[in-house]
Amino acid sequence: MHSRARTLALGLFLALPAMAQEFPSRPITLICPWPAGGSTDTHLRRFAEIAAKYLGQPILIENRPGAGGTVGPGHLAQTAKPDGYSLSQMHMGAFRIPHMQKLAWDPVRDFTYVIGLSGYTFGVVVKSDSPFKTFSDLLDYARANPGKLSYGSTGTGTSPHLLMEEVSMKTGVQFLHVPFKGNADSTQALLGDHIMAQSDSSGWGRFVDAGQFRLLVTFGSRRTKHWPSVPTANELGLDMVYSSPYGIVGPRGMEPRVVKILHDGFKKALEDPEDLKVLDQLDQELWYQSSEDYARYARETLRKERALIERLGLLAK
């Protein structure tokens, strides 16, 4: 080999690690599998702004709602390169819906788990002019009028839907379930009197605070910090707690080095006072999980959620 060619080859070889170091060198896309304006979208947009400071590149939120929040992760799994520039929010529905219907992707096999972030507060709200002053009032009406009490959720198989299925199973009352693409849509439906109640995460919070909605019950293990006068489902004798943690994933096959860069930047953003302020406003708890812990959680949760789906009689035939 001529000395000039050898020098050029050596130069290229030495440049490879330097080129590889330059992640991220362009904007990152983060899929939000829910419509704009909902609680997840609200958190992810602010989180993305904060994380951009630590990663040195803009993070663009792309809303891909539909099918109980499975359109977004499905799009990522089936179309994205595992280069770290395409990511998605991952939520509990992704571990439940595969037991209810056939999906073209597997929530464990087809993703790289990057970091666990936070979890929702769930509750049932009605409009403030509703005759239902308590959750018992709502149940009494539903008992007397089977299938007439309409409520909106973020979609079939999502936590807001399944917790009402469990209420129905435990109390013997029949509800009329109206699925939406996300809580921004079901909120508009409740405001417009198209449904009588909304089962959702704390996207209803600002409407409760503004006096437009009345919060009847929450589903955590204890009363919420923001609405401490509202009872939990447990206090009402329903013996049920729903938590729904979420995080960020990429397509399967991502380089560990890229995963670490993303994880470290996102962890700094998660612990940033500005992010903690948004979580506080949404009454969401911090749920940090390392990449390894989050992947382990995904495997265990997929297995455990099958029992819930079976108990509710929703297992795919």
Does E285 count as more than 19 Å from the chain's Cα centre (by Cα), over 19 Å from I97 (Cα atoms) and not assigned by TED's automatic domain parsing to the domain that holds S199? no
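To keep it simple, each residue is scored yes or no on (1) in contact (Cβ under 8 Å) with a residue 40 or more places away in the chain; (2) surrounded by 13 or more Cβ atoms within 10 Å (Cβ to Cβ); (3) farther than 28 Å from V125 by Cβ.
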{"site": "T224", "(1), (2), (3)": "yes, yes, no"}
{"site": "V259", "(1), (2), (3)": "yes, yes, yes"}
{"site": "Q284", "(1), (2), (3)": "yes, yes, no"}
{"site": "S291", "(1), (2), (3)": "yes, yes, yes"}
{"site": "Y297", "(1), (2), (3)": "yes, yes, yes"}
{"site": "L302", "(1), (2), (3)": "yes, yes, yes"}
{"site": "A307", "(1), (2), (3)": "no, no, yes"}
Every residue in the stretch 83-103 that is surrounded by fewer than 17 Cβ atoms within 10 Å (Cβ to Cβ) and either modelled with pLDDT of 95 or more or assigned by TED's automatic domain parsing to the domain that holds S159 (or both), please. D83
Over the stretch 56-66, the set of residues surrounded by fewer than 21 Cβ atoms within 10 Å (Cβ to Cβ) and aliphatic (A, V, I, L, M) is L60, I61
Go through the stretch 152-258 and tell me which strands (runs of 3 or more DSSP E), entirely inside it, have 1 or more residues that are under 21 Å from the mean Cα position of the chain (by Cα) and closer than 23 Å to Y297 by Cα. 197-201, 245-251
Any chance H177 is buried (at least 17 other Cβ atoms within 10 Å of the Cβ) and assigned by TED's automatic domain parsing to the domain that holds S128: yes
Could you list, in sequence order, all residues of the stretch 160-174 that are surrounded by 21 or more Cβ atoms within 10 Å (Cβ to Cβ) and of a type in the set (S, T, N, Q)? none
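The values are calculated or read from the model by the stated rules, or taken from the named source; none is laboratory data. These numbers come from a predicted model, not from an experiment. Because the Cβ atoms are built from the backbone with ideal geometry, glycine has one as well, and the counts that use them run over all protein chains shown.
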